[in-house]
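What follows is one structure encoded as structure tokens, with my remarks underneath.
The values are calculated or read from the model by the stated rules, or taken from the named source; none is laboratory data. Here the structure is a predicted model, which means the values were calculated and not measured. With ideal geometry, Cβ positions are generated from the backbone for all residues, glycine too; neighbour counts draw on all protein chains shown. Ligands, DNA and RNA are excluded from the accessible area calculation, which covers all protein heavy atoms including side chains. Shrake-Rupley method; radii C 1.70, N 1.55, O 1.52, S 1.80 Å.
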Amino acid sequence: MRGRLVPILAALQPIWLRRCFQTTSTLRSFSNQIIKSPSLLSLDLADSWSSTSKQSDSSPIQENTNNWTAKIIDGKAIAEGIRSRIASEVSRMKELIGQVPGLAVILVGQRRDSETYVRNKTIASEEVGFKFKMIVFPENCTECEVCNALCRFNEDPSIHGILVQLPLPQHLDEAKILNVISLEKDVDGFHPLNIGNLAMQGMEPLFVPCTPKGCIELLLQSGVEIMGKKAVVIGRSNIVGLPTSLLLQRHHATVTVLHAFTKNPEKIAREADILVSAAGVPNLVRGSWVKPGAVIVDVGTNPIEDRRSEHGYRLIGDVCFKEATRIASAITPVPGGVGPMTVAMLLCNTLESAKHAFNFT
């Protein structure tokens, strides 16, 4: 029975999807024009276990002195460089074929962090020359309303990327809504087939989830070695924690995932050469959680009230920045770290989708 299913499933794959997997050299060429990450397929290596296997480089990361201050990984600057190259490519596309990529966003409710993310995506899309559409639903909207809007975007040939800003209100079925998005327009990379291919050697998703992709890009462009290093990811959400752990494994890190039921999380975190926190808990990671010389990627964007701020609040991370900078070798700030990279990766994915739709090289 299992043997019969394989050709059936293959036949059901969209032609565009099969073509995507058959043209990895084209994708690799395109990706290298915009970002530094290599094709995931090019990273695949066969595991060879034996008692005489060569041990990976275990040289310790340089420990910090008492006067040390961690290097700040400037996600804003790196993202600006990527966005500049995307804008040039969009300009070339418009000049040659009279078309530009289109991005559509659905926002439900009035979460402060979600509004911040969407505002940043709107500005970035306009800056690089994308067509941008957004629909805002009230907190008490129905699944049917959201799904109908998604279906309209699926059928709109001017839209090449669709995303629903997460998280959604609890009364909405997140999985059901996300599954409505056309696979070819799932630039957030949350479709089960995208996540499944991310997890499998020899396969490459159409789109890698934007925040995990941005985390890896920050490490690569900052010269941080990933292969053979111990990585700890705090949080196992479908949005960040899970795909980040999968992506780190594809880059050959040894990965441990911490969650709310993990015993002795502080001890485990302190073993990490690379520590990624995506728990959504302000100042969860204190200095005692950090290995001297570790590299920290703080995905947390937690709004706290601040009347002095323009919007009445400010964002802080999962990591106690003041303490961590005295111990780590490098760290991403909040804001200005992972956030801008998430937006840049969204633009990359949308541009890639548009290029496939227009057969533009």
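Quick check: is even one residue across region 192-203 surrounded by fewer than 17 Cβ atoms within 10 Å (Cβ to Cβ), out of contact with any Lys or Arg (no Cβ under 6 Å at 6 or more places or on another chain) and on the phi > 0 side of the Ramachandran plot? Show your work before the answer.
Taking region 192-203 first, the residues surrounded by fewer than 17 Cβ atoms within 10 Å (Cβ to Cβ) are 192-193, 196, 199-203.
If we keep only those that are out of contact with any Lys or Arg (no Cβ under 6 Å at 6 or more places or on another chain) too, we end up with 192-193, 196, 199-203.
When the remaining residues are screened for being on the phi > 0 side of the Ramachandran plot, the result is 202.
Yes, the conditions are met somewhere in region 192-203.
Check Leu351 against each of (1) out of contact with any His (no Cβ under 9 Å at 6 or more places or on another chain); (2) under 29 Å from Phe190 (Cα atoms) and name the one condition it does not meet.
(1)
Can you tell which of Leu168, Leu183 is in contact (Cβ under 8 Å) with a residue 24 or more places away in the chain and buried (at least 20 other Cβ atoms within 10 Å of the Cβ)?
One residue alone meets the criteria, Leu168.
Can you find even one residue in region 249-265 that is open to solvent by less than 50 Å² (accessible area, probe 1.4 Å) and aromatic (Phe, Trp, Tyr)?
no
Within region 90-112, how many residues turn out to be open to solvent by less than 20 Å² (accessible area, probe 1.4 Å) and either part of a helix (DSSP H, G or I) or in contact with a Gly (Cβ under 8 Å, 6 or more places away or on another chain) (or both)?
6
Going residue by residue through region 144-161, is there one that turns out to be part of a strand (DSSP E or B), under 30 Å from Lys36 (Cβ atoms) and of a type outside the set (Val, Ile, Thr)?
Yes, there is a match, as at least one residue in region 144-161 is part of a strand (DSSP E or B), under 30 Å from Lys36 (Cβ atoms) and of a type outside the set (Val, Ile, Thr).
Only residues that are free of Cβ contacts under 8 Å to residues at least 40 places away in the same chain, touching a strand residue (DSSP E or B) at 6+ places or on another chain (Cβ under 7 Å), under 14 Å from Leu346 (Cα atoms) and hydrophobic (A, V, I, L, M, F, W, C): list them for region 87-138, please.
Selection gives Phe132 alone.
Taking the conditions exactly as written (more than 17 Å from Trp289 (Cα to Cα) and of a type in the set (S, T, N, Q)), does Thr256 satisfy them or not?
no
Considering only region 178-228, how many residues are assigned to a loop (DSSP other than H, G, I, E, B) and among the β-branched types (Val, Ile, Thr)?
In the first step, residues of region 178-228 are kept if they are assigned to a loop (DSSP other than H, G, I, E, B); the result is 179-182, 186-191, 200-209, 222-228.
Checking which are among the β-branched types (Val, Ile, Thr) leaves us with 180-181, 187, 208, 224, 226.
Total meeting the criteria: 6.
Mind checking which residues of region 126-184 are within 20 Å of Thr211 (Cβ to Cβ), touching a Phe, Trp or Tyr at 6+ places or on another chain (Cβ under 6 Å) and among the β-branched types (Val, Ile, Thr)?
Ile162, the sole residue that qualifies.
Are there any pairs with C-beta distances below 6 angstrom linking a residue in region 207-226 that is farther than 21 Å from Asn197 by Cβ to a residue that is open to solvent by 20 Å² or more (accessible area, probe 1.4 Å) and part of a helix (DSSP H, G or I), with the two at least 6 apart or on different chains, and if so which?
Matching pairs, first to second residue: Gln221/Ile78.
Considering only residues that are assigned to a strand (DSSP E or B) and surrounded by fewer than 24 Cβ atoms within 10 Å (Cβ to Cβ), which ones fall in region 328-361?
Once the filter is applied, which keeps residues that are assigned to a strand (DSSP E or B) and surrounded by fewer than 24 Cβ atoms within 10 Å (Cβ to Cβ), region 328-361 yields only Ala330.
If I filter region 42-56 for residues that are at pLDDT 95 or above, surrounded by fewer than 16 Cβ atoms within 10 Å (Cβ to Cβ) and not in a loop (DSSP other than H, G, I, E, B), do I get at least one hit? Lay out the reasoning, then the answer.
Within region 42-56, the subset at pLDDT 95 or above is none.
Within region 42-56, not a single residue is at pLDDT 95 or above, surrounded by fewer than 16 Cβ atoms within 10 Å (Cβ to Cβ) and not in a loop (DSSP other than H, G, I, E, B).
Inspect all residues belonging to region 267-282 and state whether any of them is in the same structural domain as Glu225 (by the TED database), in a strand (DSSP E or B), under 14 Å from Gly235 (Cα atoms) and not aliphatic (A, V, I, L, M).
Checking region 267-282: at least one residue is in the same structural domain as Glu225 (by the TED database), in a strand (DSSP E or B), under 14 Å from Gly235 (Cα atoms) and not aliphatic (A, V, I, L, M).
In region 283-310, which residues are modelled with pLDDT of 90 or more, outside any loop (DSSP other than H, G, I, E, B) and among the hydrophobic types (A, V, I, L, M, F, W, C)? Steps first, answer last, please.
Here is the first cut: in region 283-310, the ones modelled with pLDDT of 90 or more are 283-300.
Checking which are outside any loop (DSSP other than H, G, I, E, B) leaves us with 285, 287-289, 295-298.
Across region 283-310, the qualifying residues are Val285, Trp289, Val295, Ile296, Val297.
Of all residues in region 227-246, how many are touching a residue at least 60 places away in the same chain (Cβ under 8 Å) and over 23 Å from Leu168 (Cα atoms)?
Pass one, region 227-246, residues touching a residue at least 60 places away in the same chain (Cβ under 8 Å): 227-228, 234-235, 239.
After this cut, where a residue has to be over 23 Å from Leu168 (Cα atoms) as well, the list is 227-228.
The number of residues fulfilling the criteria is 2.
Hey, does region 229-241 have a residue that's in contact with a helix residue (DSSP H, G or I) (Cβ under 9 Å, 6 or more places away or on another chain), in a strand (DSSP E or B) and of a type in the set (Gly, Ala, Ser)?
yes
Give the residues of region 187-211 that are under 13 Å from the mean Cα position of the chain (by Cα) and either under 11 Å from Gly161 (Cβ atoms) or charged (D, E, K, R) (or both), sorted by residue number.
Result: Val187, Asp188, Gly189, Phe207, Cys210.
Give region 311-335 a look and list any residue that's modelled with pLDDT under 95 and under 19 Å from Leu218 (Cβ atoms), or say none.
Listed by number, the residues that qualify are Leu315, Ile316, Pro335.
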